[in-house]
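Chemist: Sharing a structure below in structure tokens format, with a few things to ask.
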Amino acid sequence: MDKNTFNRVRIAGLVINEIEDLAPKMYPYVEFVKNEDESEGKYSVTPLSGEGLEVHEILLNKYQKWYACVLELLEQYYPEKAEEFTQAYEKAILYATLECKPRVPNSFKMQFEFVKYLTAQKIILSHLFSRISTMEITETEPDAIESRDVVIAEGEIPVEMKALLFKQAIKPVLDEEIQKFVDKIARDDSALSKVSDIAEDIIASDAADIEQIKTKCTSLQQICRKDDLCTENMKELGTLFNIISRL
């Protein structure tokens, strides 16, 4: 897998958080009208205007582009999740376009339904990130990736976006893989107390302190070199540690 593809997944993890942040800014503007024909639903959403319309257009545009991008990645790298991802989109898009016909005139319930399906998609995205984290990343020519309506060149991710990326996409995967590692060496009765302590410390670390986590990951690797079985199990974390070291 090339770096540009890897960066597309990283940026997708940032964009979905932008979409989540837009939802509570849009739905309070939603108002309803009772339908004369209630066969499809009791209420419809009235057309938005002003700031509500502006936020809605931004959210809808971002969501549709985000879906198309992630679906393409899933079809290539995690095809067994593509259908589930699309099913969640087909339900969520009704609440994003405001074309749904709710039984209750409650904008907060609409927001809840949208975020519910968006969260299901976010979980699938995290699984995709976990899968590609184990793949070898090859060098490619620099390319541009769009996020926050800004063009970000390969290798030039701003500090604030890097921190958000680490917190939302990388740290959860790191915690999960570290816990698997600890469980494996514990089952083999070969766990070194210091290894377990550092592993647990990494999981408990604040995702905002990337440099401290990088230092702890390095320490864990160094200590594991003293135990053959620990070293063998550590190999599964090699690619993830390599990604973290480059942040």
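The values are calculated or read from the model by the stated rules, or taken from the named source; none is laboratory data. Given the structure is predicted, the values throughout are model-derived calculations rather than measurements. Quick reminder, even Gly has a Cβ in these numbers, built from the backbone with ideal geometry, and neighbours come from all protein chains shown. Please note that ligands, DNA and RNA were not included when accessible areas were found on the heavy atoms of the full protein model with its side chains. Shrake-Rupley method; radii C 1.70, N 1.55, O 1.52, S 1.80 Å.
Chemist: Please compute the net charge surrounding LEU48, taking Lys and Arg as +1 and Asp and Glu as -1 over other residues with Cβ under 13 Å from its Cβ.
Modeler: Details: positive: LYS25; negative: GLU31, GLU51, GLU54, GLU57, GLU99.
Here the charged neighbours net out to -4.
Chemist: Got a number for carbon plus sulfur as a percent of region 1-145's accessible area, 1.4 Å probe?
Modeler: Heavy-atom surface of region 1-145 belonging to carbon and sulfur, 1.4 Å probe: 50 percent.
Chemist: Once fully extended, how much extra length lies between SER49 and GLU113, figured as 0.36 nm per residue of separation less the alpha-carbon to alpha-carbon distance?
Modeler: Separation in residues times 0.36 nm, less the Cα-Cα distance, equals 20.8 nm.
Chemist: In nm, to one decimal, how far is the modelled label at GLU57 from the one at THR215, with both set 7 Å along Cα→Cβ?
Modeler: Distance between label points: 4.9 nm.
Chemist: Please give the length that would be gained between ARG103 and GLU31 if that part of the chain were fully extended, namely 0.36 nm times their separation in residues minus their C-alpha to C-alpha distance (nm, one decimal). Kindly include the intermediate steps, with their values, before the conclusion.
Modeler: On the way: separation 72, 0.36 × 72 = 25.92 nm, distance 1.33 nm.
That pair, ARG103 and GLU31, stretches by 24.6 nm at full extension.
Chemist: For region 1-76, what D do you get in µm² per second when you plug the Kirkwood radius from alpha-carbon pairs into Stokes-Einstein at 37 °C and 0.692 mPa s? Provide the component values of the computation, followed by the final result.
Modeler: Values: Rh = 14.7 Å.
Answer, rounded: 224 µm²/s.
Chemist: So what's region 2-135 giving for Cα Rg divided by 2.2 N^0.38 Å, two decimals? Spell out each step's value before the answer.
Modeler: Values: Rg = 16.3 Å, N = 134, 2.2 N^0.38 = 14.1 Å.
Relative to the rule-of-thumb radius for its length, region 2-135 sits at 1.15.
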